[in-house]
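The structure that follows is given in the form of structure tokens.
Just so it is clear, none of the values below were taken in a lab; they were calculated from the coordinates. Note that the coordinates shown come from a computational prediction; the quantities given were computed from them, not determined experimentally. Cβ atoms come from the backbone with ideal geometry, glycine included; neighbour counts cover every protein chain shown.
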Amino acid sequence: MSLYRQDGIVELTVTGYNRGGLLVEGEGLNGFVPCSHLVDLPFQPTEDRREDCLSVYVSRTLRLKVIECVPEEGRMVFSERAARAEAGKRPALFITIQPGQHITGEVTNVTEFGVFVDLGGVEGLIHISELSWGRVSHPGQVCQVGQHVEVQVMEVAPERSRIALSLKRLLPNPWEFAQERYPVNAIVPAVVTALVPFGAFARLEEGLEGLIHASEIPLPPNKTIKDVLLPGQIVQVRILQVESSRQRLGLSMKGN
């Protein structure tokens, strides 16, 4: 725990690996280094290549920092990427980084629930809900590992070693004036973005997306939604309802 609190750097030897990263030991310590925290592995290898990429690390000595320590569970997570910053920098960064600040960092990992960004020695998370004002099916649609992004700091919690970030809040909220710009019954062009069992999603502008329910899509006899709509297709839609507070937009292709 003292190594973690002091933000010290330690040299450990790689003793093995699994699908997620490296196993390391030395100096009375042992733990795990995730793939995303290896400096020379700036991408997420495919299943086919992962074993080959990680096997070359075995027996190598790495300079690492502890980024997560849970003694009661016997879990220690290390980072080679974090060790690029000098010892003791991590606590200083938690003091320096403040909510509302705009800062640039490097994407280190993309998961189902969000994107991790290295801010120069500490990592922050952009939750999937903070990536875009529009609908995001997977964070990989917005960010890629190794990409440099400017973000807004939402929350800093040193006691939990957590920094919450936002990408979308650097841009104006298109929902703020959506009701004025798109009055009910107005007919406007939209781009189909996704087909779902209950209809289709369509984008009016960046960050402003609505649902065309299946009941609002005119279909010829014996035809399905996939027969008449394709992602990327431009269609004319009628505004049924706009709920800016809930970021919901109802659209129709009938009666246009």
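What size of dipole, in debye to the nearest 20, comes out for the chain about its Cα centre when the only charges are +1 on Lys and Arg C-beta atoms and -1 on Asp and Glu C-beta atoms? Walk me through the numbers on the way to the answer.
Details: 25 positive and 30 negative charges, 136 e Å.
For the chain, the charge dipole is close to 660 debye.
Additional query: Which FRET efficiency value, to the nearest 0.05, is calculated for Gln241 and Thr111 with the Förster distance at 30 angstrom and r the Cβ-Cβ distance? Intermediate results must be reported in sequence, preceding the final value.
Values: r = 33 Å, r/R0 = 1.11.
Efficiency, rounded to the nearest 0.05: 0.35.
Search the structure for amide H atoms under 5 Å from the amide H of Ala194, placed 1.01 Å from N in the peptide plane, and list their residues when 5 or more places away or on another chain.
Distant-sequence amide H within range of Ala194: Phe201.
For the chain, set up a Gaussian network in which alpha carbons nearer than 10 Å are linked by springs, and say which option among Pro71, Pro91, Pro174 fluctuates the most.
Pro71
In whole Hz, what ³J(HN,Hα) sequence does the stretch 150-167 give by Karplus (6.51, -1.76, 1.60; θ = phi - 60°), x for Gly and Pro?
With the stated coefficients, the stretch 150-167 comes to 8, 9, 10, 7, 9, 8, 10, 10, x, 5, 10, 6, 10, 10, 9, 10, 9, 9 Hz.
Can you tell me the length gained on complete extension of the stretch Ser59 to Ser215, counting 0.36 nm per residue apart and subtracting the Cα distance? Could you put the intermediate results ahead of the total?
On the way: separation 156, 0.36 × 156 = 56.16 nm, distance 6.17 nm.
Fully extending the segment from Ser59 to Ser215 adds 50.0 nm.
Determine, for Lys254, Lys89, the number of other Cβ atoms within 10 Å of each Cβ, and report the residues in order from fewest to most. Each step should come with its number before you reach the end.
Details: Lys254 12, Lys89 17.
Neighbour counts put them in this order, fewest first: Lys254, Lys89.
Loop only per DSSP, at most 11 neighbouring Cβ atoms within 10 Å: give me the GluC sites (Glu not before Pro) in the stretch 103-135, ordered by residue number. All intermediate terms of the calculation are to be shown ahead of the outcome.
Details: sites: Glu106, Glu112, Glu123, Glu130; in loops: Glu112.
Those that pass, being in a loop and sparsely packed, are Glu112.
Counting only residues 5 or more places away or on other chains, whose amide H sits under 5 Å from the amide H of Asn109 once H atoms are built in the peptide plane?
Placed amide hydrogens put Phe116 under 5 Å from Asn109.
Can you find, among Gly105, Leu208, Val151, the residue sitting farthest towards the positive end of the charge dipole of the chain, where Lys and Arg contribute +1 and Asp and Glu -1 at Cβ?
Selected residue: Leu208.
I need to check one value: relative contact order of the stretch 2-84, counting alpha carbon pairs closer than 8 Å and at least 6 residues apart, in percent. Spell out each step's value before the answer.
Details: 154 pairs, mean separation 28.9, N = 83.
Averaging sequence separation for qualifying contacts and normalising by length gives 35 percent for the stretch 2-84.
Continuing with the same structure: Mean projection of the alpha-carbon convex hull of the stretch 2-84 over all orientations, in nm²? Walk me through the intermediate numbers first.
Numbers: hull surface 20.8 nm².
Spelled out: convex hull of the Cα atoms, projected over all directions, averaged, 5.2 nm².
Could I ask something else about it? Within the stretch 107-137, which chymotrypsin sites (Phe, Trp or Tyr not before Pro) sit in a loop by DSSP and count at most 13 neighbouring Cβ atoms inside 10 Å? Spell out each step's value before the answer.
Values: sites: Phe113, Phe116, Trp133; in loops: Phe113, Trp133.
Of the chymotrypsin sites (Phe, Trp or Tyr not before Pro), the ones in loops of the stretch 107-137 whose Cβ has at most 13 other Cβ atoms within 10 Å are Phe113.
Let me ask something additional. Rounded to a whole number, what is D in µm²/s for the stretch 102-251 from Stokes-Einstein with the Kirkwood radius over alpha-carbon pairs (20 °C, 1.002 mPa s)?
On the way: Rh = 17.1 Å.
Value of D from the Cα-based Kirkwood radius: 126 µm²/s.
List His37, His213 from most exposed to least, where exposure is judged by having the fewest other Cβ atoms within 10 Å. Present the calculation step by step, with values, prior to reporting the outcome.
Details: His37 26, His213 16.
Fewest-to-most ranking of His37, His213: His213, His37.
Can I ask one more? Under 16 Å Cα to Cα from Lys65, which lysines show up? Leave out anything in the same chain fewer than 8 places away.
In chain and number order, the partners are Lys89.
How many nm separate the modelled label positions at Arg181 and Asn30, each set 7 Å beyond the Cα in the direction of the Cβ?
Going by the 7 Å Cα→Cβ label model, 5.7 nm.
Tell me the label-point distance for the pair Asn173, Glu68, using the 7 Å Cα-to-Cβ offset, in nm and rounded to one decimal.
Going from the Asn173 label point to the Glu68 one covers 3.1 nm.
Connecting C-alpha atoms closer than 10 Å in a GNM of the chain, tell me which of Leu29, Leu64, Leu38 has the biggest fluctuation.
Of Leu29, Leu64, Leu38, the Gaussian network model singles out Leu29 as fluctuating most.
If a paramagnetic tag sat 7 Å from the Cα of Glu11 along the Cα-Cβ line, which residues of the stretch 60-86 would have the backbone N under 19 Å from that point?
Only 60-66, 78-86 fall inside the zone, counting backbone N under 19 Å.
Ignoring everything except DSSP H segments at least 4 long, calculate the 222 nm mean residue ellipticity for the chain; use -39,500 (n - 2.57) per segment, divide by total residues, nearest 500. Walk me through the intermediate numbers first.
On the way: 5 runs with 29 residues, N = 256.
Per the formula, -2500 deg cm²/dmol.
Around Arg162, which amide H atoms from residues at least 5 apart in sequence, or from another chain, sit under 5 Å from its own amide H, with H modelled in the peptide plane?
The answer is Ala157.
For the stretch 77-82, just list the computed ³J(HN,Hα) in residue order, Karplus coefficients 6.51, -1.76 and 1.60, θ = phi - 60°, integers in Hz, with x standing in for Gly and Pro.
With the stated coefficients, the stretch 77-82 comes to 10, 10, 9, 6, 4, 5 Hz.
To continue, here is another question. Just the ratio, please: alpha-carbon radius of gyration of the stretch 91-170 over 2.2 N^0.38 Å, N its number of residues. Walk me through the numbers before you get to the answer.
Details: Rg = 11.6 Å, N = 80, 2.2 N^0.38 = 11.6 Å.
The reported ratio for this selection is 1.00.
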